[in-house]
């Protein structure tokens, strides 16, 4: 994938790191649940991690439950509570030209979680910003 879309090695490593962590939580064919996640297991990735609830199954609807502070500046505001158009967990990349930042792209990953081990009820997400060394989150301490 790196050679096909020119994604920096650091973004690929971050995705591999989160995927490896998620895989380590699986028990055979059983998907991990939200309760299995330990923020310490993905501490370095937390600024751009998200948790996405399956809000409704028919028709499918997803809602962002939690979005890391590093995503605030990428999306131009808070995305917690917003609905998603994606209908299944996957990986992809998109350019931020729509935000006036055509020099930036996001490499994103969505991994399913299931409290009962099989019926997906939440999605673990990770977004890696590509094309920028450091970006302020847009959130300021009180």
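The values are calculated or read from the model by the stated rules, or taken from the named source; none is laboratory data. Quick caveat, the model's predicted, so the values are computed rather than measured. Cβ placement follows ideal geometry from the backbone for every residue including glycine, while neighbour counts extend to all protein chains displayed.
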For region 78-114, which positions are surrounded by 12 or more Cβ atoms within 10 Å (Cβ to Cβ), modelled with pLDDT of 80 or more and assigned to a loop (DSSP other than H, G, I, E, B)?
78, 79, 80, 82, 114
Please indicate, with yes or no, whether at least one residue in region 24-31 is outside any helix (DSSP H, G or I) and closer than 23 Å to residue 11 by Cβ.
no
Check off (1) closer than 26 Å to residue 8 by Cβ; (2) in contact with a strand residue (DSSP E or B) (Cβ under 8 Å, 6 or more places away or on another chain); (3) surrounded by fewer than 13 Cβ atoms within 10 Å (Cβ to Cβ) for residue 118 and give me the number that stays unchecked.
(1)
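Does residue 133 satisfy being more than 18 Å from the chain's Cα centre (by Cα) and modelled with pLDDT under 75?
Here the answer is yes, as residue 133 does meet what is asked.
Out of 74, 54, 64, I need the residue that is at pLDDT below 95, buried (at least 16 other Cβ atoms within 10 Å of the Cβ), in contact with a strand residue (DSSP E or B) (Cβ under 8 Å, 6 or more places away or on another chain) and part of a helix (DSSP H, G or I). Which one?
74
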Are there any pairs, at least 6 apart or on different chains, whose C-beta atoms fall under 6 Å, with the first in region 90-104 and under 16 Å from residue 126 (Cα atoms) and the second loosely packed, with under 11 Cβ neighbours inside 10 Å and at pLDDT 75 or above, and if so, which?
none
